[in-house]
Amino acid sequence: MSTGHANSTVDILSRLETMVLLGADIPLLAVRRQIASAIDIIIQLSRFRDKSRKVVEITEVAGFENNEVVLNPCFRFVEKGEEKGRVIGELEKVGEGLKNREKLISAGL
C-alpha cells in the first residue's frame, strides 16, 4: 500500500511514470509494464467544500495493452446534495466490476 498525490486515477499513473523516469534511465514502456503489474487497485480520495475527505473513485489496474496501462473504473462517488452543511452521496458501481479476481480468490474472498 502506498500514497500518491494526484488529481485523478489517470493522473497518478502519469506522476508515477515521471518519478521513475527522473530516477532511472528506463524505457517508458518498461515503466508502464511495471506499473501495470505492480498495482492492483487505485483508490482516490478528494477533499470536498465542507472540508471532508471522501473516496471518490475506486479503479482497478486491469493490465497493459497497446502500450498503455488499462484502467477499469469500478466505483465513483455521486454527490446527492448537502445535509446540515455536509456533502452527502455514495459510491455507485460503474462498469463490470473487477476483472482480475485471482488474488481475491486465492485469499479466500
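The table for this structure:
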| item | result |
| --- | --- |
| Options I12, I88, I58: the member that is surrounded by 11 or more Cβ atoms within 10 Å (Cβ to Cβ), assigned to a strand (DSSP E or B) and touching a residue at least 24 places away in the same chain (Cβ under 8 Å) | I58 |
| Boolean, L98 is open to solvent by less than 70 Å² (accessible area, probe 1.4 Å) and part of a loop (DSSP other than H, G, I, E, B) | yes |
| Extreme residue, nearest to K84 (Cα to Cα), among residues of the range 15-45 that are without any contact (Cβ under 8 Å) to a residue 12 or more places away in the chain and not in a helix (DSSP H, G or I) | L45 |
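The values are calculated or read from the model by the stated rules, or taken from the named source; none is laboratory data. Note that the coordinates shown come from a computational prediction; the quantities given were computed from them, not determined experimentally. Cβ coordinates were reconstructed from backbone atoms using ideal geometry, including for glycine residues, and neighbour counts include every protein chain displayed. When the accessible area is computed, the model is the full protein with side chains, heavy atoms only, and any ligands, DNA or RNA have been set aside. Shrake-Rupley method; radii C 1.70, N 1.55, O 1.52, S 1.80 Å.
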